[in-house]
Structure formats: C-alpha cells, structure tokens
Amino acid sequence: MTPFDVDALVAMLLAFYPVPSAANLATARRERPEYFAGAVIISTSQDKIRLPDGRMWDLIFDSSGPVAGRRWQALFIDPTAPAGEADPFALEDGPLDPVDEDMALGIVGAGGSFEDLVTAHLSELQGTDAVLQRAGEDAAAFDGAARVEGSAAAFEAAVANHVGIVAALEGDDPGDLVQASDGHLALIAHREGDYDEPPPPDAPVFDPGDPPPDKGGADNPPPAA
Amino acid sequence: MDSDFPVDGLVMKDQSTYQRDGSLKRERVYAFYLGKHGPFTERVALEPFDELEFGRRVDALRRHLQALPK
C-alpha cells in the first residue's frame with residue numbers, strides 16, 4: 001500500500017475533480033485509490049476520511065453549504081482536542097468529593113427492617129383474638145354451679161339404691177342350695193376306671209373311584225419347548 | 001515551477017484489468033513524487049495512448065500543489 005500524503009491527495013482532488021462534493025470524493029476514491037492509502041470515507045456528510053491507523057481528515061470545507069462555497073481542504077481532526085470551546089467561567093474544584101452513588105447506604109440489622117420485625121411478631125399473635133373471646137365466653141357461660149347443686153339428688157338416689165342391694169344380698173341365704181348340692185356327689189359316678197364303652201362307628205371314608213386306564217406313556221413327560 | 005516540484009522516482013507499469021462487462025482495459029500506471037510530495041499514482045489508458053496526457057496531469061498537480069498553503 002502506498003504511503004499516505006494528504007498534500008498529494010488534495011492536489012489530485014483539485015486537479016481532476018474541480019467541484020468539491022461527497023460524490024466527487026467517492027468517485028476519486030474509486031478511480032484513484034492509491035492516493036487514499038486504504039482510507040475510508042466516513043461521517044454522515046461523507047466528506048471525511050479515516051486511515052487504517054485512525055487518523056481522520058476533513059476534506060471538504062463547508063460541505064453543508066452551497067456548492068460555490070465549498071473547497072477541497074485537508075483539515076486534520078485531532079481526537080485529543082476538546083469538543084467545544086473551553087468554558088471561560090468554569091468553576092474550580094471544591095473541597096468536597098462527589099458522593100459515590102453506587103455505594104449502598106444504611107445499616108441492615110439481623111432482624112431486617114422494622115416492618116419485618118413487627119410483621120414477624122404479629123404473625124405469632126394470629127388466632128389469639130378467638131382465644132380471648134372464647135375465654136371470656138366460658139367465664140360468662142359457665143353454669144356448672146347449678147349442675148353441682150342438682151347432682152346431690154342423684155347422689156342420694158344412688159346411695160339408696162346401693163343400700164337396697166346390700167340388704168337384698170344380706171337377705172339372700174344360699175343355705176338350702178348348699179344342702180341340695182351335697183347329695184349330688186352320690187349321684188355322679190365319679191370313680192376312676194377304664195373306658196369300657198364300645199367304640200363309636202368309623203366316619204365314612206371318601207372314595208375317589210377307579211383310576212384312569214394306563215396308556216403306556218411316561219409318567220412325567222418333559223415340558224413343551 | 002518545474003524546479004519546485006520535480007518528478008521524482010517515476011515508476012511505470014502496464015496493467016490490464018477486466019471491466020464488469022467483460023472487456024479488457026489496458027492502462028499504464030505512473031507512480032511518482034513531485035518534490036517531497038507524493039506518492040502520486042496516475043493511470044493513463046493505453047488504447048488510445050496519448051503521450052502528452054501524463055505531462056498534462058503532472059502540470060495540473062504541480063499547479064495545485066503550488067496553490068496549497070505551506
């Protein structure tokens with residue numbers, strides 16, 4: 001690739017493309033690429049070039065103006081220059097440093113936020129309303145005192161019943177029953193001896209009938225494959 | 001004016017390129033310096049070949065090199 005000389009480029013543009021325009025610049029780029037040394041035409045108005053090493057030149061003066069006012073030029077675009085004019089009334093740096101907005105503020109405790117703490121304890125108190133209400137109702141609805149007082153009558157009736165049963169048991173004399181059972185011993189033949197009664201008849205034996213005739217084959221043929 | 005920007009390091013080369021319609025374009029490529037400016041690369045068509053075309057182009061380039069701000 002030929003080395004780049006911006007003076008040669010501008011001289012060529014002046015000599016062979018008298019009308020400065022973006023179209024003529026593109027035509028020159030196509031017809032005489034050696035002068036551009038690999039530069040590409042950049043920017044929306046297509047009037048600047050950038051070399052492969054990054055250097056940029058503005059080649060058309062007043063490219064947005066009327067055709068008569070345009071000129072071929074070689075204005076080097078310095079990337080390190082400030083974009084606009086320096087602020088003549090710029091403030092000087094103060095003693096404070098700007099706050100780092102990415103820093104997280106605040107201290108988060110182990111229990112979390114206050115709302116979280118209150119909510120956690122409120123959840124433990126759930127259902128206690130019903131407990132309190134039920135406890136109040138029991139104290140008001142208890143009528144056991146009347147039931148205790150009324151049970152004395154049932155108790156006395158049970159006592160009377162018990163006394164009656166005991167009296168009946170007292171009056172029941174099993175003496176005559178004992179005397180009657182004394183004579184049973186002579187009636188029961190309770191002496192020990194050999195069993196001399198005839199044996200009972202045998203129970204009937206199941207008779208399966210005659211076996212099937214033997215055909216002569218093996219008793220245990222092998223299983224089928 | 002010739003002494004300000006003498007033609008220097010001239011290299012001539014004939015080359016042929018195929019155009020998009022399939023025709024062959026033969027041209028002579030001149031690579032040269034004008035003084036310390038350059039390199040300039042000019043292509044002159046070989047058919048028909050005009051011997052004075054190169055001189056005319058060099059004069060035009062010289063004229064505008066002179067006009068450039070120093």
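Values in this text are rule-based calculations from the coordinates and carry no lab data. Every value quoted in this text rests on a predicted model; they were computed, and no experiment measured them. Here Cβ is always computed from backbone atoms with ideal geometry, including for glycine, and neighbour counts include all displayed protein chains.
Among B:Phe32, A:Phe114, the order by Cβ neighbours within 10 angstrom, fewest to most, reads A:Phe114, B:Phe32.
Simple spin-label estimate for B:Asp4 and B:Thr17 gives 3.1 nm between the two label positions (7 Å along the Cα-to-Cβ direction from each Cα). Considering only A:Gly54, B:Leu61, A:Pro88, and ranking their Cα positions along the charge dipole of the protein assembly as shown that arises from unit charges at the beta-carbon of Lys, Arg, Asp and Glu, the one farthest toward the positive end is B:Leu61.
Listing A:Val118, B:Val44 from fewest to most neighbouring C-beta atoms within 10 Å gives A:Val118, B:Val44. How high is the relative contact order of chain A, given as a whole-number percent (alpha carbon pairs under 8 Å, six or more residues apart)? That works out to 10 percent.
Among A:Met56, A:Met103, the order by Cβ neighbours within 10 angstrom, fewest to most, reads A:Met103, A:Met56. Let me check I've understood the local charge: for B:Pro39, count other residues with C-beta under 10 angstrom from its C-beta, Lys and Arg +1, Asp and Glu -1. What total comes out? The answer is -3. Based on alpha-carbon atoms, the Kirkwood radius and the radius of gyration of the stretch A:18-101 give Rg/Rh equal to 1.22. Both the radius of gyration and Dmax for the protein assembly as shown are 64.7, 177 Å, in that order, over alpha-carbon atoms. Computed from Cα atoms, the angle from the helix B:51-67 axis to the main principal axis of chain B rounds to 40 degrees. Cross-link reach is defined here as a Cα-Cα straight distance under 23 Å, omitting same-chain residues fewer than 8 places apart; for B:Lys36 the lysines meeting it are B:Lys13, B:Lys70.
The label-point distance for A:Asp194 and A:Ser123, in a model that sets each label 7 Å from Cα toward Cβ, rounds to 9.3 nm. How far is helix A:144-171 tilted off the main Cα axis of chain A, in degrees rounded to 10, range 0 to 90? Around 30 degrees separate the two axes. If you run the Gaussian network model on chain A, springs between alpha carbon atoms under 10 Å, then out of A:Pro98, A:Pro66, A:Pro212 the most flexible one is A:Pro212.
At q = 0.12, 0.25, 0.26 Å⁻¹, what base-10 log of I(q)/I(0) does the Debye formula yield for the stretch B:9-70 when every alpha carbon is treated as an equal point scatterer in vacuo? Scattering profile of the stretch B:9-70, log10 relative to I(0): -0.37, -1.06, -1.10.
Toward the positive end of the charge dipole of the protein assembly as shown, with +1 on the Cβ of Lys and Arg and -1 on the Cβ of Asp and Glu, the farthest Cα among B:Gln15, A:Leu122, B:Phe49 is that of B:Phe49.
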